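Participant: Input: one structure, supplied below.
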Amino acid sequence: MTPRAAARFHGLELRFNNDLGLAPQALCRRLLRRLSSSVSSPMSLQSFTTGLVVLYMLCSQAVFGSVRTTWAVNDGEKVERDDLNNPNKHANSAWDGSKVKIFGARNEIIAFQLIVEADQEGIKKLDVELPQLTHGKAKITYAPPVADPTNYAGRPIQIFSVNYMNVEVASHAEWVYKVGSPAAPKDPTGWKPVQLIPENARAGLGGFPLRVAANQNQAVWIEIYTDRNLPAGIYSGTITVDADGRKQTIPIELELFDFTLPDQNSMHAMVYYESLQPRLYQGRDLDSEYHRFAHRQRIELVHAYDINSATASAGRFDGSDFTKAEGYEGPGLGVGNQIIPRTFYGPGKTFDDRAAAWREADSWITFLKAKFPHAITFLYLPDEPGRSEYNYIRQLAENLHSNPGPGKALPTFVTKHYVKELDGAIDIWDTGPLGYDIKRADEERQRGRKYWIYNGGRPAAGAIVIDAPATDPRATIWACFKHDIDNYFYWHGVHWQHNRQKVGERKQNVWANPITFDNRGQPNKPIDDQGYINGDGVLIYPGEDKLHPEQDRGIAGPISTIQLANFRRGLQDHQYLTLARKLKLNALVNDVLQSVVPRVFSDSGPAIGFSEAGNDYERARYKLAQAIAKRSKGE
């Protein structure tokens, strides 16, 4: 007789602790009391003895364990530290109640979260392992991390702890979202999951084993890279959760579809990067590590270049920096970055004079055509300009556009929506989502100009902040696909030392304070432009912190975030959508767009018009995967 059958035979109808709302220890104590009260005759004594055996079989692990429950969820959810009643707990796209179930294509990074909920005793030492996934003779095998977190070679399975930050007040900046409006996130405050800390970080600061306080969640983030050469099929494995020496196993299944995501992105995503930030916080030059890390996320870290600095960074653009010899393995193997701006956050003074502008532009474009012929470049005009700067912008544009030589091809770029005063002067418009007019953007493209978006803003698109849902970055990329935007720009990836807008101390403790953009108290700012934002400009956190040693994780490179992981997920989704469109699966593409991002940009109303649920995106992606695999086979 099985333990469950025996328990039912003796009237001990058990339900899982999720349903009872009891910790395993409490459940076992209740069963013991029921057994004890049943002893009144020799026959009941026999039953009692049998029941004790059954109780031991059922509860021996629970008596010594410290885990109330373990479950999994996709990468499109933020499960707060104290959220013990999350609606995804019983089932979601990555969890059927007992097994982790994920899917993807080759050359893709697939992520999910394992949520370990501690009981009233808490967990002193929590470890999680996923040794390998197998399909016949094919294997995806774990290897432990090394000192450099961006050495990805031979490490297709990576494990991270999720770090939580206490958001005490919602972001206050109307260009992100208006607090109290229908567009605002429903739950902006609380202990939010933010950073993804490598398992080999310092103990007590995200490194394994983890300590989990009583009645709290601890998420473990697991990423699996599917190599280009893997055969399609079902890959199976076992996750082991070790809590204070007691082990639990959870089966995992990866469905690998028979198609491969391209190494080249189907749209570009550029994130501003300052080398000085890692030098200041981590104490040394880590440019190679940060660019390698960004490449694996399918984004490009960007800043201004000239001929000398671009030449010195040639490996970044010809792809040689992203090879196995350099420790790189993953999407974009051997493929170089393409975005090489001539200036950033302003044009400098070089292009003020026409003759000098012609010489400089000719030299720059000639260099790029010879060395990096597929480069995307531009002259960054004054940032978010007001009317007082329009004459200057027109003069700069005239200096470039009048050039009879190759430099005429250097585009002008401005972070602003279309204004008629600058008509003809701008080659690349780049506006926030709230200023993106779909009709105007189409008209500008028909005239040979580009129209991009930057940052975020609800309800037109997602808000790229800690207090927004996990899927907001993903929704923004889906919106880009829907409206033919081929480049996304985020204003900063490592805004640790605050820019000069901040009054007072600028060296922020970004691990301790979720507010990373703070306009409060500025004497030259109007009262309605003194916002503060949780996580703004910080998609990446410093793995070491020499300025705040108590926050030093001991990781010699960058640490990712759920926000950035969802950008990556969106960029991979963009490839699914692009492949489906190339295969003429237009009806399906339109169907999933309508289900996930029905109203974005200027089509949006007062409330958001896109999904906030990871399950919705995964449902759409699964439909796309099935159809792409089938059509690719010619069926």
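Participant: Need one number: nm distance between label points at Lys582 and Arg284, each 7 Å from Cα along Cα→Cβ, rounded to one decimal.
Facilitator: 4.1 nm
Participant: Shifting gears a bit: Under 1.5 on a/c is rounded, so check that first for region 195-329, then, if it is not, pick prolate when a/b is larger than b/c and oblate when it is not; a ≥ b ≥ c are the square roots of the alpha carbon gyration tensor eigenvalues.
Facilitator: Oblate, since a/c reaches 1.5 and b/c is not below a/b.
Participant: Roughly what would the spin-label model give for Gln132 and Lys408, points 7 Å off Cα along C-beta, in nm?
Facilitator: Between Gln132 and Lys408, the simple spin-label model gives 6.2 nm.
Participant: Sort out for me the Cα centre separation of region 405-431 from region 72-129, rounded to whole Å.
Facilitator: Between the Cα centre of region 405-431 and that of region 72-129, the gap is 46 Å.
Participant: Under 15 Å from the Cβ of Asp352, count the other residues' Cβ atoms, weight Lys and Arg +1, Asp and Glu -1, and hand me the total.
Facilitator: Numbers: positive: Arg342, Lys349, Arg354, Arg359, Arg394; negative: Asp353, Glu360, Glu389, Glu398.
Its environment carries a net charge of +1.
Participant: If you take every residue apart from Asn615 with its C-beta less than 12 Å away from the C-beta of Asn615, what net charge results, scoring Lys and Arg +1 and Asp and Glu -1? Please list the in-between numbers first.
Facilitator: Values: positive: Arg619, Arg621; negative: Asp75, Glu77, Glu612, Asp616, Glu618.
Surrounding charge for Asn615 is -3.
Participant: Now for a different question. How many percent of Cα pairs in region 582-635 exceed 15 Å? Spell out each step's value before the answer.
Facilitator: Details: 757 of 1431 pairs.
Cα-Cα pairs of region 582-635 separated by over 15 Å account for 53 percent.
Participant: Moving on. Can you put Tyr392, Tyr617 in order of accessible area, largest first, using a 1.4 Å probe? Kindly include the intermediate steps, with their values, before the conclusion.
Facilitator: Details: Tyr392 75, Tyr617 0 Å².
The ranking, largest first, comes out as Tyr392, Tyr617.
Participant: Could you give the spread of the C-alpha atoms of region 529-581 along their three principal axes, from largest to smallest, in whole angstroms?
Facilitator: 50, 36, 11
Participant: For the chain, what does the helix formula give at 222 nm: sum of -39500 (n - 2.57) over DSSP H segments with n ≥ 4, over the residue count, nearest 500 deg cm²/dmol? The partial results should precede the final answer.
Facilitator: Numbers: 15 runs with 177 residues, N = 635.
Rounded to the nearest 500, it is -8500 deg cm²/dmol.
Participant: Something else now. In terms of modelled amide H atoms, which long-range or inter-chain residues lie less than 5 Å from the amide H of Ala269?
Facilitator: Amide H to amide H, under 5 Å and 5 or more residues apart or across chains, Ala269 pairs with Glu300, Tyr488.
Participant: Of all alpha-carbon pairs in region 275-327, indicate the percentage at a distance above 16 angstrom.
Facilitator: Values: 634 of 1378 pairs.
Everything past 16 Å amounts to 46 percent.
Participant: Hey, any idea what the orientation-averaged projected area of the convex hull of region 155-200's Cα atoms comes to, in nm²?
Facilitator: On the way: hull surface 19.5 nm².
Seen from a random direction, the Cα hull of region 155-200 projects 4.9 nm² on average.
Participant: Along region 445-454, what does the Karplus equation 6.51 cos²θ - 1.76 cosθ + 1.60 (θ = phi - 60°) give for ³J(HN,Hα), rounded to whole Hz, x for Gly and Pro?
Facilitator: Listing the rounded values in order: 5, 5, 8, x, 9, 9, 9, 10, 10, 9 Hz.
Participant: Strictly over 26 Å apart at the Cα level, which of Lys482/Lys630; Lys124/Lys192; Lys482/Lys582; Lys178/Lys450; Lys178/Lys507; Lys99/Lys633 would you flag in this model?
Facilitator: Values: Lys482/Lys630 23 Å; Lys124/Lys192 22 Å; Lys482/Lys582 14 Å; Lys178/Lys450 29 Å; Lys178/Lys507 28 Å; Lys99/Lys633 29 Å.
Where the Cα-Cα span goes over 26 Å, the pairs concerned are Lys178/Lys450; Lys178/Lys507; Lys99/Lys633.
Participant: Tell me, what is the per residue accessible area of region 425-534 in Å², probe radius 1.4 Å? List each step's numbers first, then the result.
Facilitator: Values: 3720 Å² over 110 residues.
Here the residues of region 425-534 average 34 Å² of exposed surface.
Participant: Using R₀ = 41 Å, calculate the FRET efficiency as 1/(1 + (r/R₀)^6) where r is the Cβ-Cβ separation of Gln248 and Thr311; round to 0.05. Could you put the intermediate results ahead of the total?
Facilitator: Details: r = 55 Å, r/R0 = 1.33.
E(calc), rounded to 0.05, equals 0.15.
Participant: So what are the ³J(HN,Hα) numbers for region 507-518, from phi and the Karplus equation (6.51, -1.76, 1.60; θ = phi - 60°), rounded to whole Hz, Gly and Pro as x?
Facilitator: 7, 6, 8, 6, 7, 9, 10, x, 6, 10, 10, 9
Participant: So how exposed is Met270, as accessible area in Å² (1.4 Å probe, rounded to 10)?
Facilitator: 0 Å²
Participant: Quick check: convex hull over the Cα atoms of region 451-516, volume per residue in Å³, rounded to an integer? Spell out each step's value before the answer.
Facilitator: Numbers: hull volume 7.1 nm³, N = 66.
Hull volume over Cα atoms, normalised by residue count, gives 108 Å³.
Participant: Which residue, Gln446, Leu276, Leu624, has the largest displacement toward the positive end of the dipole of the chain when charges sit on each Cβ (Lys, Arg +1; Asp, Glu -1)?
Facilitator: Positive-most Cα among the choices belongs to Leu624.
Participant: A further question on this structure: To make sure I understand the rule: partners must be aspartates and glutamates, Cα under 14 Å from the Cα of Lys546, and not fewer than 8 residues away in the same chain. Which ones qualify?
Facilitator: Asp285
Participant: List the aspartates and glutamates whose Cα lies under 19 Å from the Cα of Lys247, skipping any in the same chain that are fewer than 8 positions away.
Facilitator: Of all the aspartates and glutamates, those that pass the test against Lys247 - Cα under 19 Å, at least 8 places apart if same chain - are Glu117, Asp119, Glu121, Asp127, Glu129, Glu199.
Participant: Moving on. Assuming 0.36 nm per residue, please report the length gained on full extension of the stretch Glu168 to Asn590 beyond their Cα-Cα distance.
Facilitator: Details: separation 422, 0.36 × 422 = 151.92 nm, distance 3.96 nm.
The span from Glu168 to Asn590 would gain 148.0 nm if fully extended.
Participant: Report the dimensions of region 555-603 along its three principal axes from the alpha-carbon atoms, largest first, rounded to Å.
Facilitator: Principal axes ranked by extent give 47, 28, 15 Å for the Cα atoms.
Participant: Counting only residues 5 or more places away or on other chains, whose amide H sits under 5 Å from the amide H of Ala201 once H atoms are built in the peptide plane?
Facilitator: When sequence neighbours closer than 5 places are left aside, the close amide H contacts are Gly207, Phe208.
Participant: Separate question: Report D for region 106-159 in µm² per second (integer): Stokes-Einstein, Kirkwood Rh on Cα pairs, 25 °C, 0.890 mPa s.
Facilitator: On the way: Rh = 13.9 Å.
Translational diffusion coefficient: 177 µm²/s.
Participant: Follow-up. Could you give the Stokes-Einstein D for region 227-290 in µm² per second, using the C-alpha Kirkwood radius, 10 °C, 1.306 mPa s?
Facilitator: 94 µm²/s
Participant: Could you list, in their original order, any pairs among Lys439/Lys623; Lys101/Lys139; Lys371/Lys408 whose Cα atoms are separated by more than 22 Å?
Facilitator: Violating the 22 Å Cα-Cα cut-off are Lys439/Lys623.
Participant: Where the Cα atoms of region 461-597 are projected onto their three principal axes, how long is each span, largest first, in whole Å?
Facilitator: 56, 41, 22
Participant: Short version: what are the Cα gyration tensor semi-axes of region 308-439, square root of 5 times each eigenvalue, largest first, in whole Å? Walk me through the intermediate numbers first.
Facilitator: Numbers: eigenvalues 180, 78, 26 Å².
Equivalent ellipsoid of region 308-439: 30, 20, 11 Å, largest first.
Participant: Also: Find how much the distance from Lys324 to Val419 grows on full extension, using 0.36 nm per residue of separation minus their present alpha carbon separation; answer in nm with one decimal.
Facilitator: Working: separation 95, 0.36 × 95 = 34.20 nm, distance 4.71 nm.
Stretched out fully, the Lys324 to Val419 stretch lengthens by 29.5 nm.
Participant: Let me ask something additional. Quick one: Karplus J couplings for region 99-104, per residue in order, coefficients 6.51, -1.76, 1.60, θ = phi - 60°, nearest Hz, x for Gly and Pro?
Facilitator: Values per residue, Gly and Pro as x: 9, 7, 10, 10, 7, x Hz.
The values are calculated or read from the model by the stated rules, or taken from the named source; none is laboratory data. What you are looking at is a predicted structure, and each value in this text was computed from that prediction instead of being measured. FYI the Cβ positions are ideal-geometry reconstructions off the backbone, even for glycines, and counts take in every protein chain you see. For the accessible areas, the whole protein counts, side chains as well, though only heavy atoms, and no ligand, DNA or RNA atoms are used. Shrake-Rupley method; radii C 1.70, N 1.55, O 1.52, S 1.80 Å.
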